[in-house]
Amino acid sequence: MRGHAGSVLDRKRRRWEAGVTQQTSSDAFDLFVIGGGINGCGIARDAAGRGLSVCLAEMNDLASATSSASTKLFHGGLRYLEYWEVRLVRESLIERETLLRAMPHISWPMRFVLPYHEDMRFEGATPTSKLLNTVMPWMKGRRPAWLIRAGLFMYDTLGGRKLLPGTESIDLRKAPEGAPLQDRFLKAYEYSDCWIEDSRLVVLNARDAEARGAEINVRTRVTSARQEGGVWSVTMQPEDGPARTVRAKMIVNAGGPWVEDIIRNTVRVNSSEGVRLVRGSHIITKRLFDHDKCYFFQGEDGRICFAIPYETDFTLIGTTDQEHDDLSQRPVCTPEETRYLCDFVSAYLKKTIGPEDVVRTYSGVRPLYDDGAKSATAATRDYVLSVDKSAGAPILNVFGGKITTYRRLAESAMEKIVPFFEGTPEKWTAGVALPGGDFPVDGVPVLIARLVERYPFLTHAWARRLIRAYGTDAVEVLGDAEEKGDLGEHFGATLTEREAAYLMDTEYARRAEDIVWRRSKLSLRMDEAQIARLDDWMRARAPRVVPGTAA
């Protein structure tokens, strides 16, 4: 098993150990990307792979906002068909299998169970439900079985599905998927979508961008950007260290929830476009059912909710759609949202759950393009890319998008970028593996077995965690270790000093939360004292990196 970034890691470590103090990279770039979420890192990777010089700045940790607060699914968006967003659904369905092949360590197929019974009634406000209420008013918003089956047929056929199995019907009276559900549910439809480790997806895109020449700056805020002679002059302020000013021919504003603020207050250009900030909250409970399939539940308000097997011993439930107008307020799952999600799931399960069963919550703000929709649920999930040249130098503003289509969004962004850079090569990312993903889609069991054979002190669960996180790069994490003691201090939940050092050196981690919540979900198994100890260790070890120092 061979890693992608070993040489980059070695160069960084040598510089940090030597205490490098001089700046060695150029301060002139083709592209300056603001925002280290999935869109910013995806565009940086695509652009760097085409030979453009790229600098990216993220004011916090990578994936610290929307990109780590998703429902963690690569999915076509079955419910988007009700809003007739067929193009978005088709593009998403095609991308599922493209992405599965490129990152089989952090993504995998999952089957979704959609329970149905004849007495279900829904008061949704989608175009489809409105039409049904008009044509067939006796249905009172009910989604009939034929409509669900028609939607699933489109879902199976729109994207040219090859790897994933199609839709089937399940008799819940006999199938194990029916055991956790109330007896009134007799039938279900089962279809395919995919799981994705969202935060790791962002980090791996950043790593690949850097390996192709991009400069990645974390915990670095862009304080100003002004046009000077047709070129942007961008000033960055690292969390620790002096401010730095660079020049760039073009800016990519991938600020997510802050995209509009960047337009108005950082680059200071006039634009009539904006975002609609929608808060999506999730809850995590102890495991609610024994199988490894996800439930797709429909509510009487027309919304849907997923209940997903999560980190072996837990269930992830979400999401909500609430307006979030104030970016100065950190998004949190409110008590009302917690109760809503508990009640939503309890309407289906034999064993009801309440707020006392919730072990953790998280919430993120989705920056949807403001298309004037009446409700947050109805607002489009499609992306809009807009080039503005009014300041004299071009800026590309990225509005909206969903994690499933991030690679296609990056390609579409490059279509708008390349006219400013003659001779830029064609698109290249489809089918190209992310770091650690250079193995077959069904190759995880083989990698786990090989890792245990090479490192006999690993338990199967420990090896599986490493392969699911790092793929073929797991050997870069463990290195020449022959026994557990060679991995240094053990912080808990199989997290060791050597792995933490790898995450700092290779994956831009700077704080304990970066590791235990975004690079992994080990915070679900570690106590506060263990996390505090990790944080102390990381702060003491923090690499001495001068802004602008090249790999």
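What the table below lists for this structure:
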read-out	value
Extreme residue, nearest to Glu499 (Cα to Cα), among residues of segment 423-476 that are surrounded by fewer than 17 Cβ atoms within 10 Å (Cβ to Cβ) and acidic (Asp, Glu)	Glu453
Verdict on Val252 being part of a strand (DSSP E or B), among the hydrophobic types (A, V, I, L, M, F, W, C) and modelled with pLDDT of 95 or more	yes
Filter result for Ile251 (open to solvent by less than 10 Å² (accessible area, probe 1.4 Å) and aliphatic (A, V, I, L, M))	yes
Residue among Asp505, Asp438, Asp442 that is in a loop (DSSP other than H, G, I, E, B), of a type in the set (D, E, K, R) and in contact with a helix residue (DSSP H, G or I) (Cβ under 9 Å, 6 or more places away or on another chain)	Asp438
Close pairs from segment 147-172: first more than 21 Å from Pro115 (Cβ to Cβ), partner open to solvent by 20 Å² or more (accessible area, probe 1.4 Å) and in a helix (DSSP H, G or I), Cβ under 7 Å, at least 6 apart	Leu158/Arg90; Gly159/Arg90; Gly159/Ile94; Gly160/Ile94
Any hit, segment 38-52, residues being assigned to a loop (DSSP other than H, G, I, E, B), modelled with pLDDT of 95 or more and surrounded by fewer than 23 Cβ atoms within 10 Å (Cβ to Cβ)	yes
Conditions (1) open to solvent by 20 Å² or more (accessible area, probe 1.4 Å); (2) modelled with pLDDT under 90; (3) closer than 20 Å to Leu316 by Cβ: number failed by Ala65	(2)
Qualifying residue in segment 356-373 (condition: in a loop (DSSP other than H, G, I, E, B), surrounded by 13 or more Cβ atoms within 10 Å (Cβ to Cβ) and modelled with pLDDT of 95 or more)	no
Test: residue in segment 400-423 that is in contact (Cβ under 8 Å) with a residue 24 or more places away in the chain, part of a strand (DSSP E or B) and under 17 Å from Ile38 (Cα atoms)	yes
Ile467 vs. criteria more than 22 Å from Val218 (Cβ to Cβ) and β-branched (Val, Ile, Thr)	yes
Test: residue in segment 216-238 that is of a type in the set (A, V, I, L, M, F, W, C) and assigned to a loop (DSSP other than H, G, I, E, B)	yes
Test: Thr352 is among the polar types (S, T, N, Q), open to solvent by less than 70 Å² (accessible area, probe 1.4 Å) and modelled with pLDDT of 95 or more	no
Residue list for segment 484-502, filter: crowded, with 20+ Cβ neighbours inside 10 Å and part of a strand (DSSP E or B)	Phe491, Leu495, Thr496
Residue tally, condition among the acidic types (Asp, Glu) and in contact with a strand residue (DSSP E or B) (Cβ under 7 Å, 6 or more places away or on another chain), over segment 332-358	2
Looking only at segment 195-215, and only at residues there that are small (Gly, Ala, Ser) and outside any helix (DSSP H, G or I), the one that is farthest from Phe296 (Cα to Cα)	Gly213
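Quick grid of which residues meet (1) more than 30 Å from Met154 (Cα to Cα); (2) open to solvent by less than 10 Å² (accessible area, probe 1.4 Å); (3) in contact with a Ser or Thr (Cβ under 6 Å, 6 or more places away or on another chain):
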{"site": "Leu201", "(1), (2), (3)": "no, yes, no"}
{"site": "Leu204", "(1), (2), (3)": "yes, yes, no"}
{"site": "Val218", "(1), (2), (3)": "yes, no, no"}
{"site": "Glu228", "(1), (2), (3)": "yes, no, no"}
{"site": "Asp240", "(1), (2), (3)": "yes, no, no"}
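The values are calculated or read from the model by the stated rules, or taken from the named source; none is laboratory data. These figures come from a predicted structure and were not determined experimentally. Cβ coordinates were reconstructed from backbone atoms using ideal geometry, including for glycine residues, and neighbour counts include every protein chain displayed. Quick note on the areas: whole protein, heavy atoms, side chains included, nothing else; ligands and nucleic acids left out. Shrake-Rupley method; radii C 1.70, N 1.55, O 1.52, S 1.80 Å.
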